[in-house]
Amino acid sequence: MTTEVDFYELLECERTADDATIKASYRKLAMKYHPDRNAGCKDSEGRFKAISEAYDCLKDPQKRAAYDRFGHAAFKNGGPGGGRSGAQDFGGFSDIFENIFGEFMGGERGGGGRSGPRRGADLRYDMEITLEEAFTGRSSEVTVDVSAVCDTCEGSGAKRGTSAKTCTTCAGHGKVRAQQGFFVVERTCPSCHGAGRVISDPCPACHGEGRVEQTKTLTVNVPPGVDEGTRIRLTGEGEAGLRGAPAGDLYIFLHVARHAVFEREGTTLLARAPVSFATAALGGEFSITGPDGETHVLKIPAGTQHGRELRQRGAGMPVLQGRGRGDLVVRVEVETPTKLSARQRELLEELRTLDAGADASHVGGFFQKVKGAWG
Ligand SMILES: [Zn+2]
Ligand SMILES: [Zn+2]
């Protein structure tokens, strides 16, 4: 209860705002300043507490009325006009006190009232790899700027040879009680800000934070079979916590670069197989080198049509953290020649003459069928 900023101002609302408006504004601000989103930021933490406090008052019609009438004095020693008259002026005043302090000072409440050391933030690192690397897996070094436990003080925040001492103001409780008018008010200890310990000789390397900014090089083992969007978690490699609190995690987000030949659907590798129409008609082979570095030879059966898919089982991508491999699927694309030699032209002309006869009988058969259907 140290803030003096107007509750309406804190919630960015007019004094005439209705409950729904106040609630909506509170939610928006609470999201923005929530400690989980602003780890280690004292400003946000204070702001979050202040807006929670403001909302807890204004959401309650009785408390809001008291606040509108007396302002912060409604919740302070003596009340308006000094002394005990405030309490007498306003019916149910002691209720207000109890409700408010009961709620606020209960300590751990939805993360808002958290005090003491907090776990460090998680970090994200984006890494691009090739399809070949996704196939074989690789060990890779990443360099991240991250706050790490201070080596000088080993995270305690206290100068070497000294140590944090139990806070004398609160005797290590992190909270202090004070008699205010009729009431005993409990609040976060102003000396240690709730930590229960104070550092009289802060470590010069980290200014008492227990952590320092550092550039770390880490080895990441990318297992075979990873795909676009696969995340690898490096436990404890995120931001260090404050004063010895556990560190967050580092997440490596993998991106697999587009490949000139292959597309991928899960463990299936897809490729195109351009073949001449002579090969498509007569049959043959198509060979392709996979991301495994092996050459796969696929049989093209005689009479293969454009768009036919040929499948080679077990020649696709490895199953991530599993056994076996997916399939290689090759889609046949029959290519029509565009530049013909004289000899090719001659042969094709001859083929067309032969085809014409076949077409004629084919067409004839078609008309026979039509006739039959109507006849
Ligand atoms: Zn230090
Ligand atoms: Zn204290």
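Structural remarks
- So residue 176, is it within 16 Å of ligand 2 (Cβ to nearest atom) and modelled with pLDDT of 85 or more: yes
- Residues within the range 1-44 that are in a helix (DSSP H, G or I), modelled with pLDDT of 80 or more and crowded, with 16+ Cβ neighbours inside 10 Å, tallied: 10
- Residue 201 being within 8 Å of ligand 1 (Cβ to nearest atom) and modelled with pLDDT of 85 or more: no
- Answer from 345, 323, 311 - the residue that is in a helix (DSSP H, G or I) and either modelled with pLDDT of 85 or more or at positive phi (or both): 345
- Within the range 158-172, the set of residues being assigned to a loop (DSSP other than H, G, I, E, B) and open to solvent by 80 Å² or more (accessible area, probe 1.4 Å) comprises 159, 160, 161, 168.
- Residue that is nearest to residue 239 (Cα to Cα) [pool: residues in the range 155-185 that are in contact (Cβ under 8 Å) with a residue 60 or more places away in the chain and within 11 Å of ligand 1 (Cβ to nearest atom)]: 155
- Considering 230, 217, 188, the condition of being more than 16 Å from ligand 2 (Cβ to nearest atom), in contact with a strand residue (DSSP E or B) (Cβ under 7 Å, 6 or more places away or on another chain), in contact (Cβ under 8 Å) with a residue 60 or more places away in the chain and open to solvent by 50 Å² or more (accessible area, probe 1.4 Å) is satisfied by 217 alone.
- Any hit, the range 324-347, residues being out of contact with any Ser or Thr (no Cβ under 9 Å at 6 or more places or on another chain), of a type in the set (A, V, I, L, M) and more than 19 Å from residue 282 (Cβ to Cβ): yes
- Annotation: of all residues in the range 119-154 being outside any loop (DSSP other than H, G, I, E, B) and within 16 Å of ligand 1 (Cβ to nearest atom), the one that is farthest from residue 223 (Cα to Cα) is 149.
- Of all residues in the range 281-301 being under 15 Å from residue 332 (Cα atoms) and part of a loop (DSSP other than H, G, I, E, B), the one that is nearest to the chain's Cα centre (by Cα): 301
- Within the range 273-300, being of a type outside the set (Ser, Thr, Tyr), touching a residue at least 24 places away in the same chain (Cβ under 8 Å) and surrounded by 13 or more Cβ atoms within 10 Å (Cβ to Cβ) holds for 273, 275, 277, 280, 286, 288, 290, 291, 292, 296, 298, 300.
- Members of the range 124-157 found to be open to solvent by 40 Å² or more (accessible area, probe 1.4 Å) and under 22 Å from the mean Cα position of the chain (by Cα), listed by number: 124, 125, 126, 128, 141, 143, 145
- Qualifying residue in the range 236-251 (condition: open to solvent by 50 Å² or more (accessible area, probe 1.4 Å), closer than 30 Å to residue 312 by Cα and not acidic (Asp, Glu)): no
- Contact annotation: residue pairs with Cβ atoms under 6 Å, 6 or more positions apart or on different chains, pairing a residue in the range 305-323 that is of a type in the set (Asp, Glu) with a partner that is open to solvent by 50 Å² or more (accessible area, probe 1.4 Å), are 309/331.
The values are calculated or read from the model by the stated rules, or taken from the named source; none is laboratory data. Computed from a predicted model, the values in this text were never measured in an experiment. Cβ coordinates were reconstructed from backbone atoms using ideal geometry, including for glycine residues, and neighbour counts include every protein chain displayed. In case anyone asks, the SASA skips ligands and DNA or RNA and just uses the protein heavy atoms, side chains included. Shrake-Rupley method; radii C 1.70, N 1.55, O 1.52, S 1.80 Å.
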